[in-house]
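See below for the structure under consideration.
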Amino acid sequence: MNRLSHIIDLDMYSVEEWNMIISTAMEIKKDPSKYSERCKGKIMATLFYEPSTRTQMSFQSAMIRLGGSIIGFDNPSNSSVSKGETIGDTAKIVSTYSDILVMRNPSEGSVKAAALHSDCPVINAGDGGHFHPTQTLTDLLTLTIEKGGLNGLKIGLCGDLKYGRTVHSLLKALSRYKDNEFILISTNELGLPGYIKDVLNARGCTYKEVNTIDEVISELDVLYMTRIQKERFASEEEYNRQKDVYILDTRKMRSAKKDMIVMHPLPRVDEISVEVDKDPRAKYFEQAGNGVYVRMALILCVLEGKLSTPELIKGKALNDISCKNPKCITHKEPHLPHYFRVAGDIAECEFCDERTLLD
Ligand code: CP
């Protein structure tokens, strides 16, 4: 199995490696022009099976600012995906045309499946409702700039914590810094999945779950708002029951600390009213802008061999067991081996992290 610096989940790397990416991004931000030839002759492929504005374009902008070139698709129906080509074959082929591959796909675990077949490093630009590690690097950079560090923060995360992949990756990352406290603000239906709570519990993190912004906003250093992920719901009816529950407006902002900041991975629908944009504590547009610098830093660290080369699969193939997550890539692409990490009578899917109880 290949050993390359794939970025599937930030937990594959050490906190020191994340900090190196963030400090590189801060250096680049001071004077991006100094880096304009660093990737001359290199090609990045962006394969987006799902819509994107920020992630796709900031990756493309990052590579162009580094002097490299880009290829790819943002509409799989214009590619041979529409003829039934698998993720593995697509990644295998495109990795022979490029030096680094960036992929977004709606199936959970799909980008790891691509990485298993790729001859160049693969970066996860969002795999369904699972993870979004490069958004997290953007968030860590923004927190470092705006709050002066990544320790000792009280962070409220609000909205769709069930399907919000940015929240999953961010919580996993912040749980590895010191003394952070999390307040999870969601409806009972859109609470954090068990596999992320397990990580918080295993790392001894302090967190609580509440249903309203009003009851906690005055305590927070950071309020991280998220969109209700319409595209992940089984039905329009189910989505309609959840939308519009959380709206951050100027009335609520009056109860927040003077130095609390508001973040959002964007796009927003209506969960932050537009008048909040004028509040100096609203940092979501700066956050989106930081995505270019952090992705420049990430591309450099990957292509210049500054990161370790972790194993993609730690468990074993148990092909007679089926992952119970219907959104897992193993159901879409049945040729994939069913890799699980086994601990006692629990088998954890290597692709989507869903747990299955063994008989
Ligand atoms: N934050 C984010 O992933 O935005 P896009 O969907 O526009 O890429």
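Numerical summary
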| item | result |
| --- | --- |
| Single residue of 262, 222 found to be surrounded by 19 or more Cβ atoms within 10 Å (Cβ to Cβ) and more than 16 Å from the ligand (Cβ to nearest atom) | 222 |
| Residue list for region 186-213, filter: over 17 Å from residue 160 (Cα atoms) and in contact (Cβ under 8 Å) with a residue 12 or more places away in the chain | 199, 200, 203, 205, 206 |
| Condition met for residue 235 (more than 16 Å from the ligand (Cβ to nearest atom), over 27 Å from residue 25 (Cα atoms), among the polar types (S, T, N, Q) and touching a residue at least 12 places away in the same chain (Cβ under 8 Å)) | no |
| In region 300-330, the residues that are under 21 Å from residue 117 (Cβ atoms) and either in a helix (DSSP H, G or I) or of a type in the set (D, E, K, R) (or both) | 302, 303, 311, 314, 316, 327, 329, 330 |
| Any hit, region 80-100, residues being within 16 Å of the ligand (Cβ to nearest atom) and either at pLDDT below 95 or crowded, with 22+ Cβ neighbours inside 10 Å (or both) | no |
| Qualifying residues in region 132-160 (those that are in contact with a strand residue (DSSP E or B) (Cβ under 6 Å, 6 or more places away or on another chain) and within 21 Å of residue 328 (Cβ to Cβ)) - the one surrounded by the fewest Cβ atoms within 10 Å (Cβ to Cβ) | 132 |
| Residue tally, condition surrounded by fewer than 19 Cβ atoms within 10 Å (Cβ to Cβ) and out of contact with any Cys (no Cβ under 9 Å at 6 or more places or on another chain), over region 323-347 | 11 |
| Condition check for residue 256: away from the ligand (no atom under 16 Å from the Cβ) and under 25 Å from residue 349 (Cα atoms) | no |
| Residue within region 36-59 that is within 16 Å of the ligand (Cβ to nearest atom), over 14 Å from residue 134 (Cβ atoms), crowded, with 20+ Cβ neighbours inside 10 Å and among the hydrophobic types (A, V, I, L, M, F, W, C) present | yes |
| Inter-residue pairs, beta-carbon under 7 Å, first within 14 Å of residue 349 (Cβ to Cβ) and acidic (Asp, Glu) and in region 111-135, second outside any helix (DSSP H, G or I) and away from the ligand (no atom under 12 Å from the Cβ), 6+ apart | 127/105; 127/107; 127/108; 127/109 |
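Quick grid of which residues meet (1) touching an Asp or Glu at 6+ places or on another chain (Cβ under 7 Å); (2) among the β-branched types (Val, Ile, Thr):
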residue: 174; (1), (2): no, no
residue: 179; (1), (2): no, no
residue: 195; (1), (2): yes, no
residue: 199; (1), (2): no, yes
residue: 223; (1), (2): no, no
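The values are calculated or read from the model by the stated rules, or taken from the named source; none is laboratory data. Predicted model, so just to flag it, every value in this text is computed and none were measured. Because the Cβ atoms are built from the backbone with ideal geometry, glycine has one as well, and the counts that use them run over all protein chains shown.
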